[in-house]
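Student: Sending over a structure as structure tokens; questions will come in a sec.
The values are calculated or read from the model by the stated rules, or taken from the named source; none is laboratory data. In this text, all values refer to a predicted model and were calculated from it rather than measured experimentally. Please note: Cβ atoms are built from the backbone with ideal geometry, for glycine as well, and neighbour counts cover all protein chains shown. Ligands, DNA and RNA are excluded from the accessible area calculation, which covers all protein heavy atoms including side chains. Shrake-Rupley method; radii C 1.70, N 1.55, O 1.52, S 1.80 Å.
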Amino acid sequence: MPKFHLQFKNSLPDYQPYLPFPSNSNLLVPGGLFIDACFPSSLLDLVSPFKGSPPSKNTACVSRRQKRESVAVKDLFFLSVSLSSDGLVSEHKECHLQNELNKKNKGAAAQVKQKVRVTRRGAVNTTKHLWAGAIAAMVSRTFVAPLERLKLEYIVRGEQRNIFELVKKIALTQGLLGFWKGNLINVLRTAPFKAVNFYAYDTYRKQLLRLSGNEETTNSERFIAGAAAGITATVLCLPLDTIRTKLVAPGGEALGGVIGAFRHMIQTEGFFSLYRGLVPSIVSMAPSAAVFYSVYDMLKSAYLHSPEGRKRIQNMRQMGQDLNALDQLELGPVRTLLYGAIAGACAEVATYPFEVVRRQLQLQVQASKMGALATGLKIVEQGGIPALYAGLIPSLLQVLPSASISYFVYEFMKIVFKVN
């Protein structure tokens, strides 16, 4: 069997050690070599010291040592090279190579960096998602603010005039800006509400889809995700809605705006007065959001699975980056507006009586406070069943454009912000 022979010729002065290997080598270093434990013993025998005969002057003695003499590195072995002293290097040199350890450290560091990148990417995507919903709410609510004002006049003040007489009254007494009275607080309330609502629905729907293992979300999963999103948004944003209702009620002008109304309610009725009507609000918003999102998604899914929808998706994929943001809408601009309006109308009709009861609860004072059921019965006693639908027509006139615009702007902004 051939033996592994190391012999170095000294061509340098005694004070200058000879380097048999490049100093920048990744595998070999002067004076030592690491071999991983997975190497077979036959290779170690091949490079082992000359057995049975003492080393000559011009031979290098290669011995296998454990890591005691060097830095402890698990599962690695060290081969130290000692040269004879007949003019060769006399000083024993040992350099330690920790390839396996470095690979493990680099791998762990790469995993940590990857997790950090994923976390940052997820945070940025969440922020963009929330902003898409907030901008959708701002645009839609400002556009339909006059209709929202008419609806509140019917619900809160018990207005009996027809809609044309009411429009004339507001225009004469408060001017054109009177139709946007309370719009700022409405935007401040609706923007975070819609942002949380849209984001929560998409999040819950994806989680349910992942748990079920289906290829597509079922109608029941859409309904559950919508209800959960409505509850989440209501709990987080109800105080702003309560303050807004207080401001547009009779005598609300004397409270001094949002901050004044907030202080007045805290001082006179306590903190939990901001959550007055929470139960009917949840009872109202849970089915409302469930119907709204599930109807829109069902309409969208039906279209995308139709021949026309498949052809549109195929054309969008072929065009790729040449499409602008409007053309990238899966349903197209017109169909997105139409489906949003249909979903909003279905949700409003299904849950409007809960909205009437909730508004009445928010106007009650502590001395004459009643429960949700008692308030609903009182409304029916005073005005009959139609009283539960007071203001439905102006409400639908407000909801139809509001829902269509909000969903359109939301889908559009997700494309602009490149939300995943």
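Student: Consider LEU326 against the criteria (1) farther than 23 Å from ALA200 by Cα; (2) touching a helix residue (DSSP H, G or I) at 6+ places or on another chain (Cβ under 8 Å); (3) in a helix (DSSP H, G or I): it satisfies all of them except one. Which criterion is unmet?
Tutor: (3)
Student: Which of (1) over 19 Å from GLY230 (Cα atoms); (2) open to solvent by 70 Å² or more (accessible area, probe 1.4 Å); (3) assigned to a helix (DSSP H, G or I); (4) touching a helix residue (DSSP H, G or I) at 6+ places or on another chain (Cβ under 6 Å) is the odd one out, the single condition GLY376 does not satisfy?
Tutor: For GLY376, the failing item is (2).
Student: Quick one: would you say THR119 is polar (S, T, N, Q) and open to solvent by less than 60 Å² (accessible area, probe 1.4 Å)? Quick ask: steps written out before the conclusion?
Tutor: Details: polar (S, T, N, Q): yes; open to solvent by less than 60 Å² (accessible area, probe 1.4 Å): no.
No; evaluated as a whole, the condition is false for this residue.
Student: Turning to a different aspect of this structure: Between LEU397, LEU377, which is under 25 Å from THR242 (Cβ atoms), without any contact (Cβ under 8 Å) to a residue 12 or more places away in the chain and hydrophobic (A, V, I, L, M, F, W, C)? Walk me through how you get there before you give the answer.
Tutor: Values: LEU397 fails: without any contact (Cβ under 8 Å) to a residue 12 or more places away in the chain.
Of the residues listed, the single one that is under 25 Å from THR242 (Cβ atoms), without any contact (Cβ under 8 Å) to a residue 12 or more places away in the chain and hydrophobic (A, V, I, L, M, F, W, C) is LEU377.
Student: Hey, can you tell me all the residues within the range 255-265 that are within 20 Å of SER281 (Cα to Cα) and either open to solvent by 10 Å² or more (accessible area, probe 1.4 Å) or under 31 Å from the mean Cα position of the chain (by Cα) (or both)?
Tutor: Hit for the range 255-265 is PHE262, nothing else.
Student: I would also like to ask the following. Within the range 380-391, identify whether any single residue is touching a residue at least 60 places away in the same chain (Cβ under 8 Å) and open to solvent by less than 30 Å² (accessible area, probe 1.4 Å), and answer yes or no.
Tutor: In the first step, residues of the range 380-391 are kept if they are touching a residue at least 60 places away in the same chain (Cβ under 8 Å); the result is 390-391.
From what is left, the residues that are open to solvent by less than 30 Å² (accessible area, probe 1.4 Å) are 391.
Within the range 380-391, one or more residues are touching a residue at least 60 places away in the same chain (Cβ under 8 Å) and open to solvent by less than 30 Å² (accessible area, probe 1.4 Å).
Student: Mind telling me which of the residues ALA347, ALA325, ALA343 ends up being small (Gly, Ala, Ser), exposed (fewer than 15 other Cβ atoms within 10 Å of the Cβ) and at pLDDT 85 or above?
Tutor: Numbers: ALA347 fails: exposed (fewer than 15 other Cβ atoms within 10 Å of the Cβ); ALA343 fails: exposed (fewer than 15 other Cβ atoms within 10 Å of the Cβ).
Checking each option against the conditions leaves just ALA325.
Student: Would you please name the residue that is most open to solvent (accessible area, probe 1.4 Å), looking only at residues in the range 129-188 that are modelled with pLDDT under 80 and not in a helix (DSSP H, G or I)?
Tutor: The qualifying residue most open to solvent (accessible area, probe 1.4 Å) is GLN160.
Student: Cβ-Cβ under 8 Å, sequence separation 6+ or interchain: first residue in the range 297-309 and open to solvent by 20 Å² or more (accessible area, probe 1.4 Å), partner among the aliphatic types (A, V, I, L, M) and not in a loop (DSSP other than H, G, I, E, B). Which pairs?
Tutor: Going by the 8 Å Cβ cut-off, the qualifying pairs are LEU299/ILE342; LEU299/ALA343; LEU304/ILE313.
Student: Still on this structure: Does any residue in the range 232-254 that is over 12 Å from GLY182 (Cα atoms) come within less than 8 Å, Cβ to Cβ, of a residue that is of a type in the set (D, E, K, R) and surrounded by fewer than 20 Cβ atoms within 10 Å (Cβ to Cβ) six or more places away or on a different chain, and which pairs are these?
Tutor: PRO250/ARG157
Conditions (1) open to solvent by less than 30 Å² (accessible area, probe 1.4 Å); (2) in a helix (DSSP H, G or I), marked per residue:
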{"site": "GLU216", "(1), (2)": "no, no"}
{"site": "GLU221", "(1), (2)": "yes, yes"}
{"site": "ALA225", "(1), (2)": "yes, yes"}
{"site": "VAL235", "(1), (2)": "no, yes"}
{"site": "LEU238", "(1), (2)": "yes, yes"}
{"site": "ILE243", "(1), (2)": "yes, yes"}
{"site": "GLU253", "(1), (2)": "no, yes"}
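Student: Which residues, counting only those in the range 204-214, are more than 15 Å from ASP297 (Cα to Cα), in a helix (DSSP H, G or I) and open to solvent by 60 Å² or more (accessible area, probe 1.4 Å)?
Tutor: As a first pass, look at the range 204-214 and keep what is more than 15 Å from ASP297 (Cα to Cα): 207, 210-214.
Then drop every residue that is not in a helix (DSSP H, G or I), which leaves 207, 210-212.
The answer is GLN207, ARG210, LEU211.
Student: To continue, here is another question. Can you name the residue in the range 329-340 that is in contact with a helix residue (DSSP H, G or I) (Cβ under 9 Å, 6 or more places away or on another chain) and assigned to a helix (DSSP H, G or I) and is also surrounded by the fewest Cβ atoms within 10 Å (Cβ to Cβ) among such residues? Please lay out each step first, then the result.
Tutor: First, the residues of the range 329-340 that are in contact with a helix residue (DSSP H, G or I) (Cβ under 9 Å, 6 or more places away or on another chain): 329-333, 335-340.
Narrowing further to those that are assigned to a helix (DSSP H, G or I): 333, 335-340.
Working: PRO333: 13, ARG335: 18, THR336: 23, LEU337: 18, LEU338: 16, TYR339: 23, GLY340: 30.
Applying the filter and picking the extreme gives PRO333.
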